[in-house]
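*Asks:* Got a structure here, written out as structure tokens. Questions coming.
The values are calculated or read from the model by the stated rules, or taken from the named source; none is laboratory data. Here the structure is a predicted model, which means the values were calculated and not measured. A quick note on method: Cβ atoms are made from the backbone with ideal geometry, for glycine too, and the neighbour counts reach across all protein chains shown.
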Amino acid sequence: LEKCGLETNESCGLHIHVGASYFGKKPGKFDKYCRILGDIWKNTEDIMYTISNEEGELPRRGAKYFAKHIENLIEETLDTLRLRKKAVNREELEKEKMPFVKTIKGYQKNGRHYYSVNFDNIGTNKHTIEFRLFNGTLNPNAIVEDIRLVGRLLEVSKKIGDKKDKKLMKLYKKLEEGTEEEKAEVLFEMLFPEQSEKEVYQKRYEANTKLKKQRNEVR
């Protein structure tokens with residue numbers, strides 16, 4: 001990349017688009033997988049910002065504007081759906097197509113696509129789920145590690161939705177409570193069964209958490 005004359009600066013971001021078609025074409029299952037992805041993200045978003053870059057590197061300043069936290073919008077979406085479930089009968093709910101996706105996209109309108117994870121491309125010509133929190137980099141290893149992170153998130157969301165992995169289901173429930181450090185360990189266990197892969201993100205988390213504290217930037 002450097003030989004081709006490419007470069008990055010402090011404002012450059014790396015946006016990773018994952019084809020939403022990975023979640024299939026059945027509206028019910030598609031929405032379920034997206035809801036689980038959103039739920040995981042809601043419970044671990046601060047951790048994601050910490051591990052989204054190489055060791056010793058914090059999110060770029062522009063991330064506050066162009067990759068804003070979305071956990072509150074996800075929480076509002078889930079609360080809306082819970083209230084909706086109580087207010088209407090089951091037959092009416094079953095007629096609704098992709099309620100999570102529809103609702104989160106509605107909440108995203110004011111901030112457009114400028115969130116850490118962007119669901120707004122679903123159903124468009126792009127039909128992707130976009131992850132915007134990564135810093136720009138020319139390090140090929142870091143790029144692969146970032147892609148692996150978001151790829152595993154989608155893979156795990158789908159497995160949890162299919163209820164075929166009991167261990168994952170137990171770990172998923174543990175994300176609802178505990179300290180950030182405890183949630184981080186649960187997340188790493190969910191996403192990275194190989195110890196060598198897990199260590200990459202554990203080292204990112206430890207180094208960047210320490211750096212945040214040193215710079216007094218803990219959220």
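*Asks:* If you check every pair at least six apart or on different chains, which have Cβ atoms under 7 Å apart with a residue in segment 91-105 that is of a type in the set (Phe, Trp, Tyr) first and a residue that is modelled with pLDDT of 80 or more second?
*Replies:* Pairs found: 100/31; 100/34; 100/35; 100/38; 100/77; 100/81.
*Asks:* Looking at the structure I just gave you, is residue 35 crowded, with 20+ Cβ neighbours inside 10 Å, modelled with pLDDT of 95 or more and among the basic types (Lys, Arg)?
*Replies:* Criteria met by residue 35.
*Asks:* Further, regarding this structure: Sort out which residues of segment 180-219 are in a loop (DSSP other than H, G, I, E, B), under 15 Å from residue 58 (Cβ atoms) and in contact (Cβ under 8 Å) with a residue 12 or more places away in the chain, and write them in order of number.
*Replies:* Those that are in a loop (DSSP other than H, G, I, E, B), under 15 Å from residue 58 (Cβ atoms) and in contact (Cβ under 8 Å) with a residue 12 or more places away in the chain: 215, 217, 219.
*Asks:* Take residue 38 and tell me if it is closer than 29 Å to residue 78 by Cα, among the small types (Gly, Ala, Ser) and under 11 Å from the mean Cα position of the chain (by Cα).
*Replies:* Answer is yes for this residue.
*Asks:* On the given criteria, is residue 20 touching a strand residue (DSSP E or B) at 6+ places or on another chain (Cβ under 9 Å), of a type in the set (Gly, Ala, Ser) and closer than 24 Å to residue 168 by Cα?
*Replies:* yes
*Asks:* Same structure again: Using the structure shown, decide if residue 129 is assigned to a strand (DSSP E or B), over 14 Å from residue 50 (Cα atoms), in contact with a strand residue (DSSP E or B) (Cβ under 8 Å, 6 or more places away or on another chain) and among the aliphatic types (A, V, I, L, M).
*Replies:* Yes.
*Asks:* Let me ask you something else. From the residues in segment 160-201 that are over 14 Å from residue 39 (Cβ atoms) and of a type in the set (Lys, Arg), which one is surrounded by the most Cβ atoms within 10 Å (Cβ to Cβ)?
*Replies:* 198
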